[in-house]
1. What GluC sites (Glu not before Pro) does segment A:59-161 have in DSSP loop regions with at most 16 other beta carbons within 10 Å?
2. Determine the sum of side-chain charges near B:S126: Lys and Arg each +1, Asp and Glu each -1, restricted to other residues whose C-beta is under 10 angstrom from that of B:S126.
3. Would you please give the residues with an amide H less than 5 Å from that of B:L14, counting only those at least 5 places away or on a separate chain, with H modeled from the backbone geometry?
4. With point charges of +1 on the Cβ of Lys and Arg and -1 on the Cβ of Asp and Glu, referenced to the Cα centre of the protein assembly as shown, which listed residue (A:T277, B:S129, A:L109) lies farthest in the positive direction of the dipole?
5. Within a Cβ distance under 15 Å of A:K147, other residues only, what is the Lys/Arg minus Asp/Glu net charge?
6. If you take all C-alpha pairs in segment B:4-86, what percent of them are over 16 Å apart?
7. Could you give the radius of gyration (one decimal) and Dmax (whole number) of the Cα atoms in segment B:89-136, in Å?
8. Per DSSP helix of 4 or more residues, -39500 (n - 2.57); summed, then divided by the residues of the protein assembly as shown. What does that give at 222 nm, rounded to the nearest 500?
Amino acid sequence: MASLKDLRGRINSVKNTRKITQAMKMVAAAKLRRAQAQAEAARPYAERMEAILASLGAAVASTPGAPQMLVGTGEDRVHLLVVVTADRGLAGGFNTNVGRLARARIRALEAEGKVVKVLTVGRKGAAYLRRDFASRIVGEITFMGKKRVEFSDAEAVAVRVTEMLEEGEFDVCSLLYNRFRNVITQIPTDQRLIPAPLPEGQVTAPAAAGPQAQYEYEPAEETILATLLPRNLAIQIYRAVLESTAGFYGSQMTAMDNATRNAGDMINRLTLNYNRTRQANITKELIEIISGAEAV
Amino acid sequence: MATFLLELVSPERLLLSRQVEMATIPAAEGEMGVLPGHAPMIVTLRGGIIRVRENGAETERLFVGGGFAEVSPERVTVLADEATPLANLSRAEAERRIAEAEAALREVTAEDTEVKRDAALERVLSARSMLDAAQAA
């Protein structure tokens, strides 16, 4: 049985841990609020962008000279996965969930005989995937040390992807990230970026504009698309990074809340144990004294 | 007077969403004044100033660094790469950007694609218009 001193030491150490997890929970809650506000602020732009892209893309997708970013290379051989995770851990299953999704995707694609390349955004994803798929990783990007992720950071990622597309290094590009549903739920999501997914129905019937007005374009559709598509790519990545950040803090908050509660339980158990041991020691001493006195 | 809904969004936030009488937007092929009932259009923007008219007076001036605008009879949606109210622009920042953009332009060689050259030139022009806008404020 552990001595009283040992028990006291353990209780103190768990108490310290609880203080730390509680502080981390508080910090995560504060940062979550900020990250959530940022993610919400970015939403209108992404929504309007989608609307414009839908009307524009439908008109151009069926023409022969449509840009690669919209219709892809016409092949389906090399897949690029952009995996967005956090830079830090201590957030429950947050990073592992995306990592696991990525791993399943890579395995499935390779089983079909496709070539997979991985671009990781965030330190943890890189660390997770390097173990099994080091040879597939073509790049690692982190936003470590940044207070908040700016649009220009996401743009840099998009530029990287665009360059790879222009070099013909992949045919299909998907984005894997944790979608922020609410504070406790983050959904690992697999979203296709290239070829750009167009809303259903419009692809098959581009001429049937119906109630939607026919737009005039200035400059021509192709020129607008040439600037709009890279921008759309950047905004999708930006949104994923923001959602992932918000999700990370949500997940960390939940994880730290659990940790705090568990530490509390543990302290209770240890304290009980400590008191029992103390009581046992006292009883033992009393017995010794009494039996000693009787012997005299 | 008739109004339409003007929405100005940048990737980082929604800057403006309200009924206005007229908006002047810096379209790539020339300034464009938009009144209610305008024919539907999608245009690209160059760096310049968006002017907003409400109740017969110019109420807002914002610098945009480029982007897109979708015009329809009842609403105008401006997707700006970045947007700053004129009052918040700083000349030093604009000058720094011009220097940066010009350096980037010098690095572009004839071998690069046309798209790349255009983008670099576009950046310089956008930065210069930012300085103009800062001086106008």
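1. On the way: sites: A:E75, A:E110, A:E112, A:E140, A:E150, A:E155; in loops: A:E75, A:E112, A:E150.
Qualifying residues, ordered by number: A:E75, A:E112, A:E150.
2. Details: positive: B:R46, B:R97, B:R123, B:R128; negative: B:D81, B:E82, B:E122.
Residues near B:S126 contribute +1 overall.
3. Distant-sequence amide H within range of B:L14: zero hits.
4. A:T277
5. Charge balance near A:K147 sits at +2.
6. On the way: 1419 of 3403 pairs.
Above the 16 Å cut-off, segment B:4-86 has 42 percent of its Cα pairs.
7. Cα-based Rg and Dmax for segment B:89-136 come out at 11.6, 38 Å.
8. Calculated mean residue ellipticity at 222 nm is -18500 deg cm²/dmol.
No value in this document is a laboratory result; all are computed from the given coordinates. As the structure is a prediction and not an experimental result, all values here were calculated from the model. Heads up, the Cβs are rebuilt from the backbone with ideal geometry, glycines too, and the neighbour counts pull from every protein chain shown.
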